[in-house]
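Each remark here refers to the structure printed beneath this line.
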Amino acid sequence: MYRPLSVLVVVSTVAAFAAAVTPQADQIPVGWYASHMKPIGYSALDGRGGAFKMSIKRAGDRWYLYVAQLWTPGWTILDVTDPANPTVANFIKGPENTAAVQIDVHDNIMITGLQAAPPSWGGDPKKPHQEGFLIWDVNDPVPPKQLSHWETGAGGTHRNGYPGGRYANLAASLPGFRGLSLAFLDITDPANPQLAGHWWMPGQKVGEEPARTDLVFHGPATMTADGKKAYLGYGDSIVILDTADVAQPKLIGQLRVRPPFDEEIPAHDVTLIPGRNLLFVHAETTDEGDEVGGPTGCNQALSLAGLVDISNETKPKLISMLPVPMPPAGVPYTSFCDRGGRFGPHNTNLLQHNPDVEKQADLIYLSYFTAGLRVFDIKDAHVPKEVGWFLPPTPAKRYGPVPADRLQSSTEDVLVDTRGNIYITDKQWGVFILKYTGNGEPAPTAR
């Protein structure tokens, strides 16, 4: 459903520049641990701790990091031209009681999803919220211009992808379907987007039997450059689709991963490893350890984080698992299970379509909640190795309600730009900017 822009009450823009004052970066918090990694910059996002998904855009000689906020609804734009001196260029206020934490940028288009904020994140189901999908013009990167608001007519959208061109792909809640499913939106005219295609797992459509309520498409789909194939984590499976005709996507191959991986989201998303007939796939650990004084985040089964051989795309097969991270010496716990909050994988450097994002090679960058950022070398696909990590310090201040069992850092997203700068976000911190100092990182393609 397209909603006319004139009736929206969505955002207001707050300028962040002071005319005669040169803004200074925040100090890097102390107490971090690292191996083959060092922090070079930090932003507390003007005191709005709790950052989530990110994207990036180079505009002339300036670099801008777009950061979706968790606890203060809206989006911060960081000028990261000098990664040691990141400064807030703008903050765009988002709709109240709404999770607007998913973001993507390609060329001059930015997309952001909208859905109800969950109660565990402070959402109130009795209060109104917004849903759907926003499209922005970022030709001028600092004050983005909202072009349209497309509504699903149901529960909104989660993580969406826009690889450029005609179609965005959405993890959408649509009328008549259970959970989130894959939708293609034609944004040729970004002021008037149109639903162009839809694919779902059997049992998600109301009336299909057996009814499935355990399937969810987290999103986004990883698309080939020509748009003719999609690779995605979907419910209990890794799925490969023929999308040459987005109006009628066709299943090519599927690998069920639940069981044995018994997570709520056992296949969170997938990364295509170029030229190697490989996918990297990982779960999202969902055990937050929410009960105060209760169990920590290690009550679920082992989380999937491994490599899948797609030499035969009709029969994908799991060939290896990444090693489970271990705490460094000197910390007051012997396992990350004892640290509180979630322990397990969450996000990778996924936005490979973005021209300003480092392209996938032999290193996997994986945010790991309370285990921080982990870096793995997959040159030998059968024996992946951990080669670096960064563990943020324990926060001094609580900004949001989770992790609820104890105040703890929880690394959420990771993005690597073509200069080799690594950005990570955290539930209780802002944005850390890191450099990997080990072997195997691709040479920078931008300066």
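Worth a mention:
- Exclusive hit being over 23 Å from residue 218 (Cα atoms), touching a residue at least 40 places away in the same chain (Cβ under 8 Å) and surrounded by 22 or more Cβ atoms within 10 Å (Cβ to Cβ), set 78, 114: 78
- Tally of residues being surrounded by fewer than 21 Cβ atoms within 10 Å (Cβ to Cβ) and free of Cβ contacts under 8 Å to residues at least 40 places away in the same chain across segment 122-136: 7
- Against the numbered list (1) under 25 Å from residue 206 (Cβ atoms); (2) of a type in the set (A, V, I, L, M, F, W, C); (3) more than 16 Å from the chain's Cα centre (by Cα), residue 117 comes up short only at (1).
- Failed item, numbered, when residue 119 is tested on (1) touching a residue at least 12 places away in the same chain (Cβ under 8 Å); (2) in contact with a Pro (Cβ under 9 Å, 6 or more places away or on another chain); (3) surrounded by fewer than 21 Cβ atoms within 10 Å (Cβ to Cβ): (1)
- In segment 99-110, residue surrounded by the fewest Cβ atoms within 10 Å (Cβ to Cβ) [restricted to those that are more than 13 Å from residue 351 (Cα to Cα) and free of Cβ contacts under 8 Å to residues at least 60 places away in the same chain]: 108
- The sole residue among 420, 440 that is in contact with a Pro (Cβ under 6 Å, 6 or more places away or on another chain) and on the phi > 0 side of the Ramachandran plot is 420.
- Residues (closer than 23 Å to residue 222 by Cβ and of a type in the set (Val, Ile, Thr)) located in segment 117-172: 135, 138, 152, 157
- Candidates in segment 154-166 are the residues that are of a type outside the set (Val, Ile, Thr) and within 14 Å of residue 134 (Cα to Cα); of these, the one that is surrounded by the fewest Cβ atoms within 10 Å (Cβ to Cβ) is 158.
- All conditions in (1) more than 17 Å from residue 272 (Cα to Cα); (2) in contact with a Lys or Arg (Cβ under 7 Å, 6 or more places away or on another chain); (3) among the acidic types (Asp, Glu) hold for residue 377, with the sole exception of (1).
- Residue check for residue 350: in a loop (DSSP other than H, G, I, E, B), modelled with pLDDT of 95 or more and buried (at least 22 other Cβ atoms within 10 Å of the Cβ): yes
- Condition met for residue 306 (surrounded by fewer than 24 Cβ atoms within 10 Å (Cβ to Cβ) and not acidic (Asp, Glu)): yes
Conditions tested, residue by residue: (1) of a type outside the set (A, V, I, L, M); (2) under 21 Å from residue 283 (Cβ atoms); (3) over 21 Å from the mean Cα position of the chain (by Cα).
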residue	(1), (2), (3)
322	no, yes, no
330	yes, no, yes
365	yes, yes, no
373	no, yes, no
384	yes, yes, yes
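- Some residue of segment 220-241 being under 24 Å from the mean Cα position of the chain (by Cα), within 21 Å of residue 154 (Cβ to Cβ) and acidic (Asp, Glu): no
- If you go through segment 327-347 and keep only what is outside any strand (DSSP E or B) and in contact with a helix residue (DSSP H, G or I) (Cβ under 8 Å, 6 or more places away or on another chain), you end up with just 327.
- Of the strands (runs of 3 or more DSSP E) lying entirely inside segment 21-85, those carrying at least 2 residues that are out of contact with any helix residue (DSSP H, G or I) (no Cβ under 9 Å at 6 or more places or on another chain) and of a type in the set (A, V, I, L, M) are 37-43, 51-59, 62-69.
- Of 370, 445, 411, all but one fail to be closer than 25 Å to residue 61 by Cβ and touching a Lys or Arg at 6+ places or on another chain (Cβ under 9 Å); the exception is 445.
Residues checked against (1) in contact with a strand residue (DSSP E or B) (Cβ under 6 Å, 6 or more places away or on another chain); (2) closer than 18 Å to residue 386 by Cα; (3) surrounded by fewer than 18 Cβ atoms within 10 Å (Cβ to Cβ):
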{"residue": "401", "(1), (2), (3)": "no, no, yes"}
{"residue": "405", "(1), (2), (3)": "no, no, no"}
{"residue": "410", "(1), (2), (3)": "yes, no, no"}
{"residue": "418", "(1), (2), (3)": "no, no, no"}
{"residue": "422", "(1), (2), (3)": "yes, yes, no"}
{"residue": "425", "(1), (2), (3)": "yes, no, no"}
{"residue": "430", "(1), (2), (3)": "yes, no, no"}
{"residue": "434", "(1), (2), (3)": "yes, yes, no"}
{"residue": "440", "(1), (2), (3)": "yes, yes, yes"}
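- Sole exception among (1) exposed (fewer than 12 other Cβ atoms within 10 Å of the Cβ); (2) under 17 Å from residue 261 (Cβ atoms); (3) modelled with pLDDT of 95 or more for residue 299, by number: (3)
- Among residues of segment 327-344 that are in contact (Cβ under 8 Å) with a residue 12 or more places away in the chain and at positive phi, none has a Cβ under 7 angstrom from a residue that is assigned to a helix (DSSP H, G or I) and buried (at least 18 other Cβ atoms within 10 Å of the Cβ) at a sequence gap of 6+ or on a separate chain.
- Residue in segment 152-159 that is free of Cβ contacts under 8 Å to residues at least 40 places away in the same chain and either among the charged types (D, E, K, R) or at negative phi (or both) present: yes
- Across segment 22-60, the number of residues qualifying as surrounded by 18 or more Cβ atoms within 10 Å (Cβ to Cβ) and at positive phi comes to 2.
The values are calculated or read from the model by the stated rules, or taken from the named source; none is laboratory data. All figures in this text were calculated on a predicted structure; none of them were measured in a lab. A quick note on method: Cβ atoms are made from the backbone with ideal geometry, for glycine too, and the neighbour counts reach across all protein chains shown.
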